[in-house]
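Okay, so here's the structure we're looking at.
The values are calculated or read from the model by the stated rules, or taken from the named source; none is laboratory data. Source: prediction; values computed, not measured. Glycine also receives a Cβ, built like all others from the backbone with ideal geometry; neighbour counts cover every protein chain displayed.
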Amino acid sequence: MRHRVDTFKIGRTSAHRRAMLANMTTSLVMEERIKTTVVKAKELRKFVAKLIKLARKAAAGDLSSRRKIISILKIKTGREPYFGTKSTKQDAVSKLIDEIVPRFEERNGGYTRIIKMDRRLGDGAEMCLIELLSNSEETSSKEKIDTSAEKKSDVKDDLADLIGELEEETPAEEVEEEKAEATPEEEKKTGEEEVEEEIEEKEKAEEK
């Protein structure tokens, strides 16, 4: 029984959906940015993530993973089709394995970005740009992490310097004198004297 098994079909048959995602993936890999609807982009993001995982294995020398990518992208062997579609898809496979996979060596997900745009005229569909992350963004994220760690260490050093300066400005003798002046015993004595004075004043008032 296929309970709780659901596939978002994008309003298309299974064959149409697979062919559409394969063609969109080829365009995304070759151009690294395409314009489409938000619904298609969200499905394409999952599809591309699975292909990149397979491409990692293929880059490590797994021939079976490379053949899976070729079959998923619908690259047929035999006679060369019209308009060079076979050559572009083969170029997409080689670019995916040789150029894009090394870019995401230290990343386990989030290979794409979706940027929303204005709605399409006519049917009002939500449009967006979907693109692959670039090398500069990978390096900038690493630099941000490094700079944040450096800033934290700098703040700690500054605090330590300030504490040292304050300790130098206030000598130990003055601190001890202040502590000696405000002892709890003396505070208790002053409190008892005030109570005695109040009692004496009350007694004088009663005598009068």
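At a glance:
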read-out	value
Filter pass, Leu121 being in a loop (DSSP other than H, G, I, E, B) and at pLDDT 90 or above	yes
Residues that are closer than 12 Å to Ala22 by Cβ and part of a helix (DSSP H, G or I), drawn from the range 51-78	Leu51, Ile69, Ile70, Ser71, Ile72
Any hit, the range 76-98, residues being at pLDDT below 90, at negative phi, in contact with an Asp or Glu (Cβ under 9 Å, 6 or more places away or on another chain) and among the small types (Gly, Ala, Ser)	yes
Matching residues in the range 52-75 - criterion: being in contact (Cβ under 8 Å) with a residue 40 or more places away in the chain and at positive phi	Lys74
Condition check for Ala19: crowded, with 18+ Cβ neighbours inside 10 Å, farther than 19 Å from Cys128 by Cα and in contact (Cβ under 8 Å) with a residue 40 or more places away in the chain	no
Qualifying residue in the range 124-132 (condition: part of a loop (DSSP other than H, G, I, E, B) and under 25 Å from Arg67 (Cα atoms))	no
Residue check for Ala41: in contact with a strand residue (DSSP E or B) (Cβ under 8 Å, 6 or more places away or on another chain), surrounded by 14 or more Cβ atoms within 10 Å (Cβ to Cβ), in a helix (DSSP H, G or I) and not charged (D, E, K, R)	yes
